[in-house]
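Nothing in this text is a laboratory measurement; each read-out follows from the coordinates by a stated rule. A quick note: this is a predicted structure, and the numbers were derived from the prediction, not measured. Glycine gets a Cβ as well: all are built from the backbone with ideal geometry, and neighbour counts include every protein chain shown.
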Amino acid sequence: MTHAIRIHHTGGPEVLQWEAVELPPPAAGEVRLRHHAVGLNFIDTYHRSGLYPLSLPSGLGMEGAGVVEAVGEGVAGLKAGDRVAYTSGPLGAYAEVRNIEARHLVPLPDDISFEQGAAMMLQGITAQYLLHATYPVRAGEAILVHAAAGGVGSILVQWAKRLGARVIGTVGNDDKAQRARALGCDDVIVYSREKFPERVRELTGGAGVAVVYDSVGRDTFLDSVACLQRRGTMVSYGNATGPVAPFDCALLHKAGSVYVTRPGLPDYIASRTELVERAGALFEVVRSGQVKIEILQRYALKDAAQAHRDLEARKTTGSTVLVP
């Protein structure tokens, strides 16, 4: 018998239930994985609330790291005792032990901790594809990163600086502004007291930025578009304040023939080859020390409801893990 967080209906953090569950032996193609750490991400709140529908009852969580305990028939390249991490496959990372298809797992280098592995896979691979595929950032370009002190934002800032970009970040308060500067932001805008489109134009001499990486959603979308230079790219990759409202696409012409895209992780790790390549690029930049994964909050896995409350109340910065 093991334990996992389960939800039987959608709603607030109170719907997260710590339950005893029976775990069968791993099926063909699966491994049994004992988690040493589980990643907390804003998308988990979308699943819990019903913003992203799922079949109920359900587990929760998209990433974790741990040790393989057993392998099912036909599994090659993995054995009991191997250190692994993942950020794909069915929901269910909020568990002490789970069965998961081996194709979703990547070997975790020995010099990356389980907590780092659990905290970096979803956020780090997201940052990798945003910077290298969704909009390939070039040296010398000015970019805008919303929630620059957050999980994905903190990785975006560090990695974009490594690429030679000029990084402007937005944050909600002075403590987060200090952290964003420490991460490498050239300029930081505290949006609670500054109008960030006006400030971006001021900082760029009226030109605007080449790309905006926006995980906030509804509250920042139109103002983010207003920050773009001619033919700039608006990357909306999250909904922290709710989904973006419908808009007239003529807005894109009026804003300077700009582009808007809504990328999602599954489409950037759709093949095993893509997953391994993007994870490898992430591991390389972390192991080099050029991008640091700092776990600034830890919660017991059974206290996931409190972790959700704090995340939605903007009380967290950087990465957060749940510890079984």
Whole-Hz ³J(HN,Hα) for each residue in region 74-82, computed from phi via Karplus 6.51 cos²θ - 1.76 cosθ + 1.60 with θ = phi - 60°, x for glycine and proline: what do you get?
x, 7, 10, x, 9, 8, 4, x, 6
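Loop only by DSSP, 15 or fewer other Cβ within 10 Å of the Cβ. Give me the trypsin sites (Lys or Arg not before Pro) in region 189-269 that pass, ordered by residue number.
Working: sites: 193, 195, 199, 201, 218, 230, 231, 254; in loops: 193, 195, 218.
In loop regions of region 189-269 (DSSP not H, G, I, E or B), the sparsely surrounded trypsin sites (Lys or Arg not before Pro) are 193, 195, 218.
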Check residue 165: other-chain or 5+ apart residues with amide H under 5 Å from its amide H, H built from backbone geometry?
140
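Using a cut-off of 11 Å between beta-carbons, work out the net charge of the residues near residue 146 (Lys and Arg +1, Asp and Glu -1, residue 146 not included).
Values: positive: none; negative: 214, 219, 223.
Combined, the nearby Lys, Arg, Asp and Glu give -3.
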Nearest-0.05 FRET efficiency for residue 8 and residue 248 at R0 = 51 Å, using Cβ-Cβ distance, is 0.80
Using a 7 Å offset from the Cα along the Cα-to-Cβ direction at both residue 49 and residue 182, what is the distance between the two label points in nm, to one decimal?
2.9 nm
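Take the Cα pairs of region 139-262, get the Kirkwood Rh, then feed it into Stokes-Einstein at 37 °C and 0.692 mPa s and tell me D in µm²/s.
Working: Rh = 14.1 Å.
The estimated diffusion coefficient comes to 232 µm²/s.
Quick check on the exposure proxy: order 249, 185 from fewest to most C-beta atoms within 10 angstrom.
Ranked by crowding around the Cβ, least crowded first: 249, 185.
Using a Förster radius of 35 Å, what is the FRET efficiency between residue 193 and residue 267 based on their Cβ-Cβ separation? Nearest 0.05, please.
Numbers: r = 37 Å, r/R0 = 1.06.
Approximately 0.40, to the nearest 0.05.
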The chain: angle of helix 174-183 to the longest principal axis, Cα-based, in degrees nearest 10
80 degrees
Could you go through region 307-319 in sequence order and give the Karplus-derived ³J(HN,Hα) for each residue, using 6.51 cos²θ - 1.76 cosθ + 1.60 with θ = phi - 60°, rounded to whole Hz, and x for Gly and Pro?
4, 5, 4, 5, 5, 6, 8, 6, 8, 10, 9, x, 9
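Suppose every K and R has +1 on its Cβ and every D and E has -1 on its Cβ; what is the size of the dipole of region 139-262 about the Cα centre, in Debye to the nearest 20? Write down the numbers at each step before the final one.
Working: 15 positive and 12 negative charges, 47 e Å.
It works out to roughly 220 debye.
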Lys pairs, the chain - Cα-Cα below 22 angstrom, 8 or more residues apart or on other chains
8
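Residue 174 to residue 22: extension gain in nm, 0.36 nm per residue of separation minus the Cα-Cα distance? Could you put the intermediate results ahead of the total?
On the way: separation 152, 0.36 × 152 = 54.72 nm, distance 4.68 nm.
The span from residue 174 to residue 22 would gain 50.0 nm if fully extended.
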Take 308, 132, 9 and order them by how many other Cβ atoms sit within 10 Å, fewest up front.
9, 132, 308
